[in-house]
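Contents: one structure, followed by commentary.
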Amino acid sequence: MKKKKSSNVVKYNRWGYIFLIPFFVTFIVFQLIPLCGTFWNSFFENYRSGRQQIGPTFIGIENFKTIITSGLIWKYARNTLIMWVLGFVPQIFFSLLLGAWFSDKRLSIKASGFFKTVIYLPNLIMASAFAMLFFTLFSEGGPVNSILVNLHILKEPFAFLNDIAATRGLVGLMNFVMWFGNTTLLLLAGMLGIDPSLYEAAEVDGATSTQKFFRITLPILKPILVYVVITSLIGGLQMFDVPSVLTNGKGNPMETSMTLIMYLNNHLYSKNFGLAGTVSVLLFLITGILSLIVFKVSNEKNVK
């Protein structure tokens, strides 16, 4: 009997592996092979000069030296991180606040399902469409300037897209509006999974709402918070369509809103595949290092 049971388990396990085959095939063909190809191309001189194709010629790490010594990648990495922070900090604040409200049974918010749907809707809009909307709203002849001038807040239209802080702020605002609904639902799911008896015990001990939030909710939510920070960081480093559409792909003013992916796209557009591969590899390494730092810092806090 035991042999029959074990053989049945083995048969069921086989079906599990069979159902995993499509995922692994898709991953290998569309992700792993292109990733390896990108690493391989980064060691070659391979570009077009007019109608002439130069390379591919193996040049070792010369592409890496060119990109690193130029200093542009660090400048654009700084731009990217600044705009990500401008969008992520208010995003995590409002997501925690809304999550706490929706999960609090004492408030019993009416039509909470409707509000959850509404805050998620911006996430469904294409980022390029969102950028075009903000470009129209905040242009010198746009409705925002018209309203501010008519209310006598401004004497003349303000060139939002020619100001460094305003342009970065608009990119951060768009990222916040598009993604805070998704973050809210993730954190809300974690809050709803917390055992209510913990809050009841805290209330018996005389804990306030603020103490319950910081002593119970946040510590239990740490794994989800780490996940949100890392995934948001990865998405932020891949920021492209919003600043590209808003600044017409130039990263104006003075390339202060140029992101790493926009820099990569410029090399692809000029068909310099060697340098494009190098930028991709460096972006991969930067993302991995920053994600590890976030993970390590969060683990150290948990240990303490």
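The values are calculated or read from the model by the stated rules, or taken from the named source; none is laboratory data. None of the values given here were measured: they were computed from a predicted structure. Note that each Cβ is placed from the backbone with ideal geometry, even for glycine, and that neighbours are counted across all protein chains shown. Accessible surface areas use protein heavy atoms only, side chains included; no ligands, DNA or RNA. Shrake-Rupley method; radii C 1.70, N 1.55, O 1.52, S 1.80 Å.
Place +1 on the Cβ of every Lys and Arg and -1 on the Cβ of every Asp and Glu in the chain, take the dipole about the Cα centre, and give the residue among Tyr227, Gly87, Gln53 whose Cα lies farthest towards its positive end. The listed residue farthest towards the positive side: Tyr227.
Across Leu81, Leu148, Leu264, mean-square fluctuation computed from a Gaussian network of the chain (C-alpha pairs under 10 Å connected) peaks at Leu148. Only helical runs count toward this figure. For the chain, summing -39,500 (n - 2.57) over DSSP H runs of n ≥ 4 and dividing by all residues gives -23000 deg cm²/dmol at 222 nm. Between the C-alpha center of segment 19-60 and that of segment 134-161 there is a gap of 46 Å.
Figure the gain on full extension for Ala111 and Gln238 (residue separation times 0.36 nm, minus the Cα-Cα span) and round it to one decimal in nm.
Computed gain between Ala111 and Gln238 is 42.2 nm.
Taking amide H as placed 1.01 Å from N in the peptide plane, the amide H of Ile54 sits under 5 Å from that of Tyr47, Arg48, Ser49, each at least 5 places away or on another chain. Using only side-chain charges placed at the Cβ, +1 for Lys and Arg and -1 for Asp and Glu, the dipole size of segment 89-201 relative to its Cα centre rounds to 200 debye.
Evaluated at 37 °C with a viscosity of 0.692 mPa s, what Stokes-Einstein diffusion coefficient in µm²/s does segment 259-302 have when Rh comes from the Kirkwood expression over alpha-carbon pairs? Once the numbers are plugged in, D ends up at 280 µm²/s.
Heavy atoms only, probe 1.4 angstrom, no DNA, RNA or ligands counted: give me Val279, Val177 ranked by accessible area, highest first.
Val177, Val279
When only alpha carbons are used to place a centre, segment 74-118 and segment 190-210 end up 22 Å from one another.
Over the chain, Cα pairs under 8 Å with separation of 6+ residues give a relative contact order of 28 percent.
Take every pair of alpha-carbon atoms less than 8 Å apart whose residues are at least six positions apart; their mean separation over the length of segment 114-214 yields a relative contact order of 31 percent.
Here's the picture: charge each Lys and Arg Cβ at +1 and each Asp and Glu Cβ at -1 in the chain, and of Leu188, Ile28, Leu268 the one pushed furthest to the positive end of that dipole is Ile28.
Taking the chain as a Gaussian network, where each spring joins two C-alpha atoms under 10 Å apart, which residue of Leu35, Leu283, Leu260 fluctuates the most? In this elastic network of the chain, the residue with the biggest mean-square fluctuation among Leu35, Leu283, Leu260 is Leu35. Using the Cβ-Cβ distance between Met132 and Phe58 with R0 = 45 Å, the FRET efficiency computed as 1/(1 + (r/R0)^6) comes to roughly 0.55. For segment 55-116, carbon and sulfur atoms together expose 72% of the accessible surface, with a 1.4 angstrom probe and every protein chain in place.
Assuming charge only on the beta carbon of Lys and Arg (+1) and of Asp and Glu (-1), the dipole of the chain about its Cα centre is about 1320 debye to the nearest 20.
Spacing of the modelled spin labels on Ser298 and Asp104, each 7 Å from Cα toward Cβ, amounts to 2.5 nm.
Say R0 is 45 Å: what FRET efficiency, to the nearest 0.05, do Phe24 and Ser146 get from their beta-carbon distance? Taking R0 as 45 Å, the efficiency between Phe24 and Ser146 is 0.20. How about segment 69-118: which trypsin sites (Lys or Arg not before Pro) there lie in a loop by DSSP and see at most 15 other Cβ atoms within 10 Å? Here the sparse-neighbourhood loop sites are Lys105, Arg106, Lys110.
Among Gly169, Gly71, Gly288, which one moves the most in a GNM of the chain with springs linking Cα atoms closer than 10 Å? In this elastic network of the chain, the residue with the biggest mean-square fluctuation among Gly169, Gly71, Gly288 is Gly71. Tell me the per residue accessible area of segment 94-135 using a 1.4 Å probe; a whole number in Å² is fine. Spelled out: the 1.4 Å probe surface of segment 94-135, per residue, equals 66 Å². Only Lys, Arg, Asp and Glu carry charge here, each on its Cβ (+1 for the first two, -1 for the last two); on that basis segment 186-298 has a dipole of about 420 debye about its Cα centre.
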